[in-house]
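The values are calculated or read from the model by the stated rules, or taken from the named source; none is laboratory data. All values derive from a computational prediction rather than experimental measurement. Glycine gets a Cβ as well: all are built from the backbone with ideal geometry, and neighbour counts include every protein chain shown. Side chains are part of the model used for accessible areas, which takes the heavy atoms of the whole protein and leaves out ligands, DNA and RNA. Shrake-Rupley method; radii C 1.70, N 1.55, O 1.52, S 1.80 Å.
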Amino acid sequence: MRPTETMEPKTTPKKFIKNPIKGTKFTIAISSAKGGVGKSTFATNLALALKNIGCKVGLLDADIYGPSLPKLFSINEKPKSEEGKLIPINKYGIQCMSIGFLTDEQTPMIWRGPMVTSAIKTFTQKVDWKDLDFIIVDMPPGTGDTQLTFAQEVKVDGAIIVSTPQEIALQDVIRGIKMFDKLGVQIDGLVDNMSYFIGDDKKKYPIFGEGGVKKTAEKFNKKFLGEIPIDPDVGRYGDKGKPIVESNNSHPVTKIYLDFASKIKSNYGL
Ligand code: ADP
């Protein structure tokens, strides 16, 4: 049996008791099948774009093993706790929470499944999120323990799968699609990140191949939300701790994110 076939939903999705995150209208999971495809970059910039079009947004970095939010948002403080609840850190107008706020950056997170489950419960039930339209959740890559626990324990309203267009990444995207289908989580769409590079000659160069994410979306009857080019500015602003959407509101990549945000806002009737 090929690995992709093991995730095939053979029965109707199993029902789990899923608790909604208090303090938000909607929870959207940003997922990728592989690490390094730009999932955290997407999650942070999407959150900022939603804020820029008038939504109240929280950002939950659920990537327990490799939190990125402290660096991408340049947050060095620790969250306070009041009456047994953690108070999110407000940065760039977004309510933020990450395991990285509570641990030392250099300490590896060597955690077993039950510890991961308990951390996820803390972040979804014991954080004082306030009056939000959306919580954007930066999920860990893959279809592993953390990912499954989150999808089973928390009422996730939609998932967005981010991928690069290489064949090898697409295999994993299919696994991600099947996992969400099996868990009964609606997939809001697929995003093709680092789709092409625009040269000095203004031509598009599809470095990792062309159209693969869109074709995968069509094949599995999912929405294709769009493409984001490879642009060194994206990495540069991320490394400075102020993502591109917050740093440069007229940049072409920012405009792409604002377009994603408008689509998502209207999908949820806001
Ligand atoms: P993941 O969360 O999937 O592991 P990251 O968001 O950390 O991936 O991104 C991996 C690297 O790719 C980072 O250095 C980031 O700045 C860079 N990156 C992401 N998207 C783009 C893009 N569209 N153009 C250029 N660099 C990008």
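Brief remarks follow.
- Kirkwood Rh (inverse of mean 1/r, distinct Cα pairs), region 111-270, angstrom: 17.5 Å
- Under a model in which nothing but the beta-carbon of Lys, Arg (+1) and Asp, Glu (-1) is charged, the chain shows a dipole of about 660 debye around its Cα centre.
- Per residue of the chain, the DSSP helices (runs of n ≥ 4 H) give a summed -39500 (n - 2.57) that works out to -10000 deg cm²/dmol at 222 nm.
- With protein chains left intact and a 1.4 Å probe, residues in the chain average 48 Å² of accessible area per residue.
- A full extension of the chain between residue 186 and residue 122 corresponds to an added length of 20.7 nm, given 0.36 nm per residue minus the alpha carbon distance.
- Computed from phi, the 3J(HN,Hα) profile of region 210-225 under the Karplus parametrisation 6.51, -1.76, 1.60 (θ = phi - 60°) reads 10, x, x, 5, 4, 4, 5, 4, 4, 4, 9, 6, 10, 6, 9, 7 Hz, with x in place of Gly and Pro.
- Bridging of residue 223 to aspartates and glutamates at a Cα separation below 12 Å is possible for 188, 192, once same-chain residues fewer than 8 apart are set aside.
- Additional length obtainable on full extension of the chain from residue 17 to residue 224, 0.36 nm per residue less Cα span: 71.6 nm
- Of the cross-linked pairs 51/263; 34/240; 39/255; 155/265; 25/155; 18/182, those separated by over 20 Å at the C-alpha level are 34/240.
- Spin-label pair residue 215-residue 249: with each label point 7 Å from Cα along the Cα-Cβ axis, the two points sit 4.0 nm from one another.
- Calculated diffusion of the chain, Stokes-Einstein form, Kirkwood radius summed over Cα pairs, 10 °C and 1.306 mPa s, µm²/s: 85 µm²/s
- If you plug the beta carbon distance of residue 198 and residue 259 into 1/(1 + (r/R0)^6) with R0 = 25 Å, you get a FRET efficiency near 0.90.
- Cβ-based charge dipole, region 25-267, positive-most Cα from 88, 140, 177: 177
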